[in-house]
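Novice: What follows is a single structure, and I will ask about it in a moment.
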């Protein structure tokens, strides 16, 4: 098993003069990047091994240098998303107990007033080279710490070991066929495991990584052409935005990509079809994973009949449906080297049984072993004994034009115990009303699934990562 | 469209198998094969949404024909 710092060291040894990293302001070859990282870690070596160092950076080369510098010094990188709320930032710092918080110069104002005993706070530009002794992390050491997005509950610290990361990175590279010939565009924050996994993969295979601070479609399309990009990693809403709002010549820049990878358990089929129609030979892919069990499945969309699946378990990972009902639906359990041992400092119980991680996700396998996600165990709506999966309702309603996002939650009801309530965010200028939606639901669903109430909403409560806080919509 | 047409349309949307020749304002709930408690909920929710009104529990219980739905709706507008 490798440690993460080996990815850069090995690629630098194999191709020192090859371009490793490009961002708005700079370019680095592998040897230049390695040199920067070594200098940076010379400063961090003053901290005891396994100390936590928090990072608050945009999607820039400064993040990469700082992150790899921490890894190289045998410390644990605590990754903070730039969009974090003040209360969540304080919660994470208090839980992670870092020795140092590092930020880009432009984000220093967010950390300068944080109070914690013996905590140092520095800007990237304050870090200077020091003469120090090199350190080496072990595969079983924690490499980084990410907090869950808080979609379902309070954010929990998830520490990832070098060996677990090594396992997932090799799975990504092998399944999606990444190579040193790739030029990977990343308009995603690397403080999230999706973006971070892309960084690890690029370093591991020795490809060139192009960082983009924001996911604006025009910038993405421009970068693809400018840098001859071969792979793009983006969240589904960015991809939907691109294929819905840009046509012909603009989309031509996508056509030569060999891979578009996204990260959702629900990727709108219409978006997949549109992207596939634009790509000449490239593939569209997604994966299913939790911060606690990264990249547990991969799905390469090459079969129309499987368009709603998240694919098959990754190599070396076992997935089972626990306590399945007559339809084969039950809670998804995962076992493998990608599953965490425990939450940070065991602040929460690890929710495991005999090494199986209980994900809290509901799913089923089809006869060919493809996994389908149907929602969360806690989100299930019980209408007079009939089980309703919110995602099924959402999928049906989302097809209507004039709707941006929709969330189904349970609502208490005198006669039925629970009924379905729908929160709808309309598209701009949409004239759709609740009568239109209900008439469509009655036509396309079993009666017990039809919402008993529809509420239009300007926007949904969201986590710092932009995910909808579904639990806040429940009564 | 007038109110009668609107309510009739709601009936046809709630009971997709209903044909023009089967429709009768006086026809009672127990003469509809598919008018169960869930259909009642759908009917009420759709009417409330279309007219932006709310029915009380007693009013919901008293809806047992197209005519009764029409009259209760009329009283709310």
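Novice: Grab the helices (runs of 4 or more DSSP H) fully contained in the range B:24-77, keeping just those with 2 or more residues being facing chain A (nearest Cβ under 10 Å).
Specialist: B:37-51, B:57-62
Novice: Select, from A:220, A:260, A:235, A:224, the only residue that is surrounded by 20 or more Cβ atoms within 10 Å (Cβ to Cβ), out of contact with any strand residue (DSSP E or B) (no Cβ under 8 Å at 6 or more places or on another chain) and within 29 Å of residue A:65 (Cα to Cα). Can you show your working first?
Specialist: On the way: A:220 fails: out of contact with any strand residue (DSSP E or B) (no Cβ under 8 Å at 6 or more places or on another chain); A:260 fails: out of contact with any strand residue (DSSP E or B) (no Cβ under 8 Å at 6 or more places or on another chain); A:224 fails: out of contact with any strand residue (DSSP E or B) (no Cβ under 8 Å at 6 or more places or on another chain).
On inspection, the qualifying residue turns out to be A:235.
Novice: Take residue A:203 and tell me if it is surrounded by 24 or more Cβ atoms within 10 Å (Cβ to Cβ) and out of contact with any helix residue (DSSP H, G or I) (no Cβ under 6 Å at 6 or more places or on another chain).
Specialist: Criteria not met by residue A:203.
Novice: Do we find that residue A:84 is crowded, with 16+ Cβ neighbours inside 10 Å, outside the structural domain of residue A:467 (by TED's automatic domain parsing), at pLDDT below 95 and in contact with a helix residue (DSSP H, G or I) (Cβ under 6 Å, 6 or more places away or on another chain) in this structure?
Specialist: no
Novice: Among the numbered conditions (1) surrounded by fewer than 19 Cβ atoms within 10 Å (Cβ to Cβ); (2) within 9 Å of chain A (Cβ to nearest Cβ); (3) under 12 Å from the mean Cα position of the chain (by Cα), tell me where residue B:10 comes up short.
Specialist: (1)
Novice: Something else about it: Please enumerate the residues belonging to the range A:98-110 that are under 23 Å from residue A:345 (Cα atoms) and either within 24 Å of the chain's Cα centre (by Cα) or not assigned by TED's automatic domain parsing to the domain that holds residue A:56 (or both).
Specialist: Residues of the range A:98-110 under 23 Å from residue A:345 (Cα atoms): A:98-102.
Within the range A:98-110, A:98, A:101, A:102 qualify.
Novice: Kindly indicate whether residue A:412 is more than 12 Å from chain B (Cβ to nearest Cβ) and either in contact (Cβ under 8 Å) with a residue 60 or more places away in the chain or outside any strand (DSSP E or B) (or both).
Specialist: Criteria met by residue A:412.
Novice: OK, next. Taking residue A:283, is it outside the structural domain of residue A:430 (by TED's automatic domain parsing), over 30 Å from residue A:254 (Cα atoms) and buried (at least 16 other Cβ atoms within 10 Å of the Cβ)? Steps first, please.
Specialist: Details: outside the structural domain of residue A:430 (by TED's automatic domain parsing): yes; over 30 Å from residue A:254 (Cα atoms): no; buried (at least 16 other Cβ atoms within 10 Å of the Cβ): yes.
Considered against the rule, which asks whether it is outside the structural domain of residue A:430 (by TED's automatic domain parsing), over 30 Å from residue A:254 (Cα atoms) and buried (at least 16 other Cβ atoms within 10 Å of the Cβ), residue A:283 comes out as no.
Novice: Quick one: in the range A:421-457, which of the residues that are part of a strand (DSSP E or B) and within 10 Å of chain B (Cβ to nearest Cβ) is nearest to the chain's Cα centre (by Cα)?
Specialist: Restricting to residues being part of a strand (DSSP E or B) and within 10 Å of chain B (Cβ to nearest Cβ), the top hit is A:454.
The values are calculated or read from the model by the stated rules, or taken from the named source; none is laboratory data. Quantities reported herein were computed from a predicted structural model and do not represent experimental measurements. Note: ideal-geometry Cβ built from the backbone for every residue, glycine included; neighbour counts use all protein chains shown.
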